[in-house]
1. Restricting to DSSP loop positions (anything but H, G, I, E, B) with no more than 11 other Cβ atoms inside 10 Å of their own Cβ, which GluC sites (Glu not before Pro) remain in the stretch 1-100?
2. Note down the accessible area of residue 18, probe 1.4 Å, to the nearest 10 Å².
3. Given a cut-off of under 8 Å on Cα pairs at least six residues apart, what relative contact order in percent is computed for the chain?
4. In whole Hz and in residue order, list the ³J(HN,Hα) couplings for the stretch 177-194 that follow from phi through the Karplus curve 6.51 cos²θ - 1.76 cosθ + 1.60, θ = phi - 60°; x for Gly and Pro.
5. Could you give log10 I(q)/I(0) at q = 0.10 Å⁻¹ for the chain, computed by the Debye formula over C-alpha point scatterers of equal weight, without solvent?
6. Say R0 is 45 Å: what FRET efficiency, to the nearest 0.05, do residue 33 and residue 177 get from their beta-carbon distance?
Amino acid sequence: VVFYSLVLYGVSIVFFEDKFTVKDLIECFFPFINDRYWFFTAYILMYLASPFLNKIINNTTNKERIILIVGVLVFSYLTRRFSVDAILGLRNGYSFLWFVCLYLIAGILRASQFQYKKRYVLLVYLACIVLIWGNFYYTPEMWGYQVFANTADYASPFVLIASVAIFLLFKELKFESTKINKGIRLISSTTFGIYLLQ
């Protein structure tokens, strides 16, 4: 991240005539403390918190895990509905706190080893996509307010459920061809760099 930060800063000075300042140079060396790359900042904080999050995941019963997942879903619904986003700084899912929620859900799914049928998971995914897209064209009003205000945010319950569903659909997918596996590894290894360049 520091490498990309410095290279892109150099490119902006040479080709886009940005002014060089010592402050900007120092920020390039510490991109995670100035939120230059929100994903990396949230990820590094989540990574540092992961040993404590693992204790929560590993020392809970299945009932407590279900309560935790339902709690995250309710929490994601409330982010816009009752200004929870403004209070907690969830930033529509662009934050360390939301990464913690995602980490807990992924850890719970891994630890629980629950059985599921892929066709039902696919139906859940498609239903969420229809609801997300439908909200762009029709916003349901009920009792004088919009029911789902954050349908397309990262922290939306529909986006969260769709993300979990697509993860479960691809989780056990295996390709026999080594060329396909090598291609997937090559493409996936470039995604973080592409994000930083953007």
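1. Values: sites: 17, 27, 64; in loops: 17.
For GluC sites (Glu not before Pro) across the stretch 1-100 that sit outside H, G, I, E and B with at most 11 neighbouring Cβ atoms in 10 Å, the list reads 17.
2. Approximately 80 Å² for this residue.
3. Values: 152 pairs, mean separation 42.8, N = 198.
Once normalised by length, the contact order is 22 percent.
4. Using θ = phi - 60°, the values come out as 6, 5, 5, 5, 4, 5, x, 5, 4, 5, 5, 5, 6, 8, 5, 5, x, 5 Hz.
5. Listed by q, the Debye log ratios stand at -0.59.
6. Working: r = 43 Å, r/R0 = 0.97.
FRET efficiency, residue 33 to residue 177: 0.55.
The values are calculated or read from the model by the stated rules, or taken from the named source; none is laboratory data. Everything quoted here is computed from the prediction, not taken from an experiment. In this analysis, Cβ positions are derived from the backbone assuming ideal geometry, glycine residues included, and neighbour counts consider all displayed protein chains. Accessible surface is based on the protein model in full, side chains and every heavy atom, while ligands, DNA and RNA are left aside. Shrake-Rupley method; radii C 1.70, N 1.55, O 1.52, S 1.80 Å.
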